[in-house]
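Reviewing the structure listed below.
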Amino acid sequence: MTMTTTNDLITQTPAKRRFGGGDLIGLSVILALAVVGYFLFPTNLALLTRIIAIALLVLSLDLVTGYCGVATLGHAALFGAGAYAAGIASAHYGINDPLAMLAFGIVAGAVAGLVCGAVILRAHGLPQLVLSIALIHLFHEFANKASSWTGGSDGLSGIAPSALIGLYEFDLWGRTAYVFGVVLLALVFALLRLIVRSPFGMLCRAIKEDPVRIRSMGASPKAALMKMYVISGAVAGVGGALNAISTQVVGLDSLSFTMSAESLVMLVLGGTGSLFGALTGTIVFMFFEDVVSAANPFHWLTMVGALLIAVVLFAPKGLYGTAAAIVARRREAK
Amino acid sequence: MQPVFEVRNLKRAFGGLAVTNDVSLSMAPGDRVALIGPNGAGKTTFVNLVTGNLAPDSGEVRLGGETVTGIDAIGRVRRGLVRSFQVTRLFLDMTPAEHVALAVLQRDGRSGRLFGNFLSMPDVMDEVGQLLGKLGLRELMHRKVSEIAYGQQRLLEIAVALALKPKVLLLDEPAAGVPQSDTGRIEQALADLPADLAVLMIEHDMDLVFRFAKRVVVLAAGAIIFDGSPSDVTQDPRVREAYLGSYANASHAA
Amino acid sequence: MQTVFSIAIDALAYGMVLFVISIGLSVTMGLMRVVNLAHGAFAMIGGYIASYAARDLGLAYGFAIVLAVFGTILIAIPIERLLYRRIYGAPELTQVLMTIGITFCIIGIANYVFGPTLKTVPLPAQLQGSVDLGFRAIATHRLFAILCGLAVAAALWYAIERTAFGVKLRASVDNAAMAAALGVRTEIVYAVSFAIAVGLAAFGGVVGAELLPVEPYYALRYMVTFLVVVSVGGAGSIPGALVACLLLGGIDTTGRYLMPEFGEFFFYLAVIAIICVFPRGLAGRAKG
Amino acid sequence: MTVPGREWAVPQGGNMKRTILAALAALAMSGAAYADTIKIGVVGPFSGPFALQGKNFKAGIDAYMAVNGSKVGDDDIEIIYRDVPQADPAQSKALAQELVVREGVQYLAGFYFTPDAMAVTPLLEQANVPLVIMNAATSAIVTKSPLVVRTSFTTWQTSTPIAKVAKDAGVSKVISVVSDYGPGVDAENAFKAGFEAAGGEVVEAIRMPLATNDFSPIMQRIKDSGAEGVFAFLPSGPTTLGFVKAYNENGLKSGGIKFFAPGDLTQESDLPALGEAALGIQTTFHYAVSHVSPENKAFVEAAAKAIGNPAELSFPSVGAYDGMHVIYKMIEATGGEQDAQKAVDAVKGLSWTSPRGPVSIDPESRHITQNIYLREVAKADDGTYYNKEVQTFEKQGDPGLAALK
């Protein structure tokens, strides 16, 4: 009796909620885009790789902002920590294996996430935003001061990743870096899809809506958010490490307020609370920036501004969020 | 029987005003107690002291024989003291199934798991289905909470509380704001609560109190002025003076 | 001892300039609940207008200030009607996106119209030079900025606490629906408050131009400073903003004197400490 | 896939996809190499807070091509601009990669910020492309690759002579105040080395954060140090203005504390705003727009036309102008073939008369040897302010390279 009930329930569940379906579609979209990018812009892989690194940062930001409701303008701290860790491992310790560098990046990102989470989660709303701003400035100043380690404002150079699994060199064409990036993005995306629909992901969504209610269910919002911050740090660390490996240089900009703000803009542009939104926002923003700034660098800021205003006015849930809402409404109407 | 829930000499003052003044209360498993009192009697403060959202100036809260006064709200929930909210506090973007599943997973210490989805966890879905079925919410289990009726949301509040398998359940006006037509379902749900569960219900609706409670506690000006059977409460002169008078006035106004 | 006084004077002067420039932001953020990152952009517009009026047209300083305040309000009115009105009550992130967009646009336009170089607002003879305080000299325009700050604080306090408009404003902020039911036209109240906030921004932009010179990136360069000051004070509170400006001005100045190498650390660590102790800002109220 | 020497990447191994791709790219590449158009990729800040400097790059390049034509031999010269608004080495490298791989540029040039230039140096050999730096002023860049040539200056180069000026002015105790970032630290070290060598004493060295708005406390610190002069380095723009004003208003100027700085502080585009406040300030630099020579007259005329507003013209334009000169010489020497080493070798020891005066490329360091001028901010008859050259330090190399060793 019970068993039939359960099966019954599972078959009843709407198709889109079914486990696995969305993930496969998502992964195939990413891989398809990656292949299209490879063949459409075979000579522009360096920029595509950079987009992937930033996409990882935006995904990471989505975890805390989109899924947990934490307002932060300092998320690049996690990205920069990953980038510097991977870079320093190579430049100062001669750890040139890309996978080992990646591991350093992930750990450093997670640690930075722990530190940032411990501070940022102490307030809400506007003061929270300001805490994050103060933090990113502290990180930035710290990296500037520790110039014997980080190269300060001259940037950390001398990063020399060896061939990936001993076979593929990171060359001028940027193919290895690109494929490496695509694989990382696909892996991270798949993992995050699992996490956001896991019990923990559900808990975080609930915390975003009402942390008091969650406390009365016996769960600690703070502990859950800290955990998410660490995960988010690891993801941003992947992005940072990828950036360090592919460009072989790390600059203070990777720990900057500007980068934090830009990543937030990209996220809101695509739509918060959805991994696809994060990816959409990154790709659209970076392409827009690339095209407009190549066409007319002197006025691209005006156009980006206009784009942002237009998005708020006409696609308030972000590009992906609004599109998804329209599709859902259509489906319901049928 | 050994009390599952006990409050001893609980005191809390704001400024010079004693909002909870030397309150003691004890409940055994299976008890059905109604806590009533006029507006401003200190019910909210009392609830907050009991749940751990507010620290008492002195006194003790005991749960299953253990002192929990020094334990925070989350710890008390984990020890079996669960409350529902007077105004529903549900996650509007989530489904009833998700609500109950979250509570079940939380209770089992599985809410931090990073992999898997409750929809594919047969034991969780089983419990979710049973609980929601019992409360008549099964058809709606995959709708968003923002799309279901208020009465159904109140039932869901109860379902979430039950999913946590509490020893002591604090129901804060479970029928508040529910249209007359739907109160039957809620009363039925209350009647179906597990027999060994100690329930403390805070309620204004005297009809509901008389139908539900085996025992009534009256709180006025921060102190318990009556603790006894429903049939005696209306006879008690102090209650008549302190409570029913104002209640009558209130119902006039409404 | 002399050094202590000297630092105190510098701190006061810097704090008051911060106050003059950022108090308008406190009004929009606290009273209208808009995270207005474009505040600096309006201050910058004020600076440009004053610079144009005083330097290129040769108008008097006082007149240039008036022109800047009203000119900026005039420019801001259509922006409020078309853009800001859409984001009242919207989630913070949406407001951030919209106001950053507005800031970018204004920067781009300013760059196009006025060019990328620094613009100054020439001071009248009375405000040039320094005043000798006995133990040290202080720039006259700094004293002027201190006085302006005090005047703005007093005027705002009076307007909010003592006038009919202030009553309506506070009512609209506490409960817009109730205020509307009582016959307050909240739309107008909001529009007027926005105009006041923008006017204050422009005023601050001009008065503070000696410290924060006007150039296209003004709007982004100091955005964070304004935001930090206002939230440390507690958005919407005039005394809070005043205390925060003096406190942060003091910490900044002292830090920069004692250990300039770690100036940034002092400032931001102080910000973190204050917010951790006062999560709603120094004068913050519980959110309504 | 390892690419040997300066050869182009040739596909190896049996991976079909990769082979096709490489062939495609090689096609694009060979087109670039043998066609009549030679492309030069210029990276600089063309938008953002430093857009003015990028504008000066473009003005210098346009001026050079207006004067010398857009053809070298039979080859047309095409400039492709890429924008890196603020120091962002990763973006800079990605863009340089794109310029080389997609656009097929034979020369990379520009680069306002040191980290952006540093990021590109590892690419050069593999890409077979010389890098001509038109601004970035940290000494070490030229050591990162043998294919780097610099036509601008280094902070060491411009900051060292001012130490002698200070000593000659009878100042023996100086406090150094710099912005806390790479160039600031370079300036501090350069001045210290020069001043101590001249027998002076740097009583204190302060590094202040880049984002300093209020300089009053710093001024107080300078007063308290008991120094007779102050050496300062700040990036151009709002901070410079604030610093100079604070120097006047806090009574340092009237108190007789002398002000010494490299010319970044009084760059021409800031002078209208600095105005009266900067009057009399002495700086040493490699170029003043006011420099008197027929070459400069022709340059200023052409560059002013290119930039639109002559008041916006400043030093990056001359770095770009001379950078183009070097690139033209490289193209002549290689006959338009892509051979980075040959191109660089051809300009080693090259000397010519630049708008800034006589210059040459040091064969050893590939950095420009040039005159450094002591200038004083003066008021012209028409009420504008300019840097008036008062003393010349001839044929200055880069002392920063020696300090590296």
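The values are calculated or read from the model by the stated rules, or taken from the named source; none is laboratory data. Keep in mind the model is a prediction, meaning the values are calculated, not measured. FYI the Cβ positions are ideal-geometry reconstructions off the backbone, even for glycines, and counts take in every protein chain you see.
List of remarks:
- Considering only residues in region D:130-149 that are within 10 Å of chain A (Cβ to nearest Cβ) and either not in a helix (DSSP H, G or I) or not small (G, A, S) (or both), the one that is nearest to D:A59 (Cα to Cα) turns out to be D:A136.
- Subset of region C:195-237 (residues that are buried (at least 24 other Cβ atoms within 10 Å of the Cβ), within 14 Å of chain D (Cβ to nearest Cβ) and free of Cβ contacts under 8 Å to residues at least 60 places away in the same chain): C:V228
- For region A:160-188, the set of residues classified as within 9 Å of chain D (Cβ to nearest Cβ), in contact (Cβ under 8 Å) with a residue 60 or more places away in the chain and crowded, with 17+ Cβ neighbours inside 10 Å consists of A:W173, A:G174, A:R175, listed by residue number.
- Note on region A:287-318: residues that are assigned to a loop (DSSP other than H, G, I, E, B) and either in contact with a strand residue (DSSP E or B) (Cβ under 8 Å, 6 or more places away or on another chain) or of a type outside the set (K, R) (or both) amount to 3.
- Options A:G240, A:G271: the member that is more than 8 Å from every other protein chain (Cβ to nearest Cβ), more than 21 Å from A:A123 (Cβ to Cβ), at pLDDT below 95 and under 19 Å from the mean Cα position of the chain (by Cα): A:G271
- Taking every residue in region C:127-146 that is away from every other protein chain (no Cβ under 11 Å) and pairing it with any residue that is acidic (D, E), at least 6 positions away or on another chain, yields no pair with a Cβ-Cβ distance below 7 Å.
- Given (1) touching a helix residue (DSSP H, G or I) at 6+ places or on another chain (Cβ under 8 Å); (2) free of Cβ contacts under 8 Å to residues at least 12 places away in the same chain; (3) within 27 Å of A:R193 (Cβ to Cβ), index of the condition B:G109 fails: (1)
- Exclusive hit being under 30 Å from A:C204 (Cβ atoms) and either surrounded by 21 or more Cβ atoms within 10 Å (Cβ to Cβ) or at pLDDT 90 or above (or both), set B:V50, B:V61: B:V50
- Hits in region D:42-78 - residues which are in contact (Cβ under 8 Å) with a residue 40 or more places away in the chain and over 18 Å from the mean Cα position of the chain (by Cα): D:M65, D:A66, D:V67, D:N68, D:V72, D:G73, D:D74, D:D75, D:D76, D:I77, D:E78
- Total residues in region A:115-139, condition at the interface with chain C (Cβ under 8 Å from one of its Cβ atoms) and touching a helix residue (DSSP H, G or I) at 6+ places or on another chain (Cβ under 8 Å): 14
- For region B:1-84, the strands (runs of 3 or more DSSP E) that sit wholly inside it and include 2 or more residues that are farther than 13 Å from B:L170 by Cβ are B:5-14, B:17-27, B:58-63.
- Residue match in region C:30-46 (condition: over 30 Å from C:D132 (Cα atoms), at pLDDT below 90, among the hydrophobic types (A, V, I, L, M, F, W, C) and in a helix (DSSP H, G or I)): yes
- When C:C105 is tested against the conditions (1) modelled with pLDDT under 85; (2) within 9 Å of another protein chain (Cβ to nearest Cβ); (3) not in a loop (DSSP other than H, G, I, E, B), the lone failure is (1).
- Test: A:A310 is surrounded by fewer than 21 Cβ atoms within 10 Å (Cβ to Cβ) and closer than 18 Å to D:V84 by Cβ: no
- All helices (runs of 4 or more DSSP H) inside region D:294-391 with 3 or more residues being closer than 29 Å to D:A140 by Cα and in contact (Cβ under 8 Å) with a residue 12 or more places away in the chain: D:316-334, D:340-347
- Test: residue in region D:253-266 that is surrounded by fewer than 24 Cβ atoms within 10 Å (Cβ to Cβ), at pLDDT 90 or above and over 28 Å from C:G250 (Cα atoms): yes
- Test result for D:A227, more than 12 Å from D:I175 (Cβ to Cβ), at pLDDT 90 or above and more than 7 Å from chain C (Cβ to nearest Cβ): no
- Just so you know, in region B:108-127 the residues that are surrounded by 18 or more Cβ atoms within 10 Å (Cβ to Cβ) and more than 7 Å from chain A (Cβ to nearest Cβ) include one that is nearest to B:V47 (Cα to Cα), and it is B:E127.
- Boolean, A:L264 is at the interface with chain C (Cβ under 10 Å from one of its Cβ atoms), buried (at least 24 other Cβ atoms within 10 Å of the Cβ) and within 24 Å of D:A90 (Cα to Cα): yes
- Taking (1) assigned to a loop (DSSP other than H, G, I, E, B); (2) surrounded by fewer than 16 Cβ atoms within 10 Å (Cβ to Cβ); (3) among the charged types (D, E, K, R) in turn, B:D207 satisfies each apart from (1).
- Top-ranked residue of region D:335-370 - restricted to ones that are of a type in the set (S, T, N, Q) and within 19 Å of D:V42 (Cβ to Cβ), ranked as surrounded by the fewest Cβ atoms within 10 Å (Cβ to Cβ): D:Q338
Residue-wise test of (1) crowded, with 17+ Cβ neighbours inside 10 Å; (2) more than 23 Å from D:A51 (Cα to Cα); (3) β-branched (V, I, T).
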{"position": "C:A50", "(1), (2), (3)": "yes, yes, no"}
{"position": "C:L59", "(1), (2), (3)": "no, yes, no"}
{"position": "C:I79", "(1), (2), (3)": "yes, yes, yes"}
{"position": "C:V96", "(1), (2), (3)": "yes, yes, yes"}
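- Considering (1) part of a helix (DSSP H, G or I); (2) in contact (Cβ under 8 Å) with a residue 12 or more places away in the chain; (3) of a type in the set (A, V, I, L, M), the lone condition that A:L73 does not fulfil carries the number (1).
- Per the listing C:A155, C:A180, the residue uniquely in contact with a helix residue (DSSP H, G or I) (Cβ under 8 Å, 6 or more places away or on another chain) and free of Cβ contacts under 8 Å to residues at least 12 places away in the same chain is C:A180.
- Only listed residue being on the phi > 0 side of the Ramachandran plot and modelled with pLDDT of 90 or more, chosen from D:G357, D:G335, D:G323, D:G383: D:G357
- Taken together, D:Q86, D:Q97 contain a single residue that is within 7 Å of chain A (Cβ to nearest Cβ) and assigned to a helix (DSSP H, G or I), which is D:Q97.
- Qualifying residue in region A:45-62 (condition: away from every other protein chain (no Cβ under 13 Å) and at pLDDT below 85): no
- Within region D:41-78, the set of residues being within 14 Å of chain A (Cβ to nearest Cβ) and either among the charged types (D, E, K, R) or surrounded by fewer than 20 Cβ atoms within 10 Å (Cβ to Cβ) (or both) comprises D:K55, D:K58.
- Note on region A:189-204: residues that are more than 7 Å from every other protein chain (Cβ to nearest Cβ), more than 15 Å from the chain's Cα centre (by Cα) and among the hydrophobic types (A, V, I, L, M, F, W, C) total 1.
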